[in-house]
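Input: a single structure, listed below in structure tokens.
The values are calculated or read from the model by the stated rules, or taken from the named source; none is laboratory data. Values in this document were obtained by computation on a predicted structure and should not be read as measured data. As a convention, Cβ positions derive from the backbone with ideal geometry for all residues, glycine included, and neighbour counts pool all protein chains shown.
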Amino acid sequence: MMASNGGLPAGNPIAVISPQFCAPYPVEFAIAKKITIFIQGNYDVFQVRSNNMFKVRGTPTICQRRRVLFDAAGVPLVSLQQKVCSAHNRWEVYRGDSSHTSDLLFSVKKSSILQLRTSLHVFLASNTAEKVCDFKIKGNNWDEFAVYQGNSDNMIAQMHKKHPARSVFIGDDTYSITVDQNVDYAFIAALCLVLNEIDTNDDDD
């Protein structure tokens, strides 16, 4: 795999959140948004016929959306926070339950303000220049998306959004996800969550 500016060396496991989430085989799982009345942004992340891998809880805030991704034991892995007044709908992802600049892992934003198809750029915290993205998410149509390493065609994960009527899971938004071997599947789960939040925000506008 190719590496971009500030990215990861070719051939190495792609570990952004933690190498413990890099499996030596492809990983398949689903993300389902839970229907709640008072708190938005709760999700379950799980493998079919298996227990939950992660949980996501929305944190009530006045001015911005904030989500926290927990592992199966309830330990916070990353927090996802929408940047206020961002024309490109930027989200920042921090280690643990933090929002300190020193704990920033990566950020995600729309590649352009106006889009016919979803196109998101992902920048690692070390890539401060942000001239070339470290990862990108591209929508092939309205419900199929792919994650690529750098500004290349090296696909590392695929996401498919299921419509509620066709989904076997309870929730408004459900994604089935396939992650390549040696790719951090917690990182891909976080990207999918940001993707859904950005799409939801666009639908609300």
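A few notes on this one:
- Selection status of residue 147, modelled with pLDDT of 95 or more and assigned to a loop (DSSP other than H, G, I, E, B): no
- Looking across the range 112-129, the residues that are part of a loop (DSSP other than H, G, I, E, B), in contact with a strand residue (DSSP E or B) (Cβ under 9 Å, 6 or more places away or on another chain) and modelled with pLDDT under 95 come down to 112, 115, 117, 118.
- Close pairs (6 angstrom Cβ cut-off, 6 or more residues apart or separate chains): at positive phi in the range 120-136, among the aromatic types (Phe, Trp, Tyr) and modelled with pLDDT of 95 or more anywhere: 130/123
- Taking the criterion of being β-branched (Val, Ile, Thr) and farther than 9 Å from residue 120 by Cα, the only residue of the range 133-150 that qualifies is 147.
- Of all residues in the range 93-115, those satisfying the criterion of being among the hydrophobic types (A, V, I, L, M, F, W, C) and within 21 Å of residue 192 (Cβ to Cβ) are 93, 104, 105, 106, 108.
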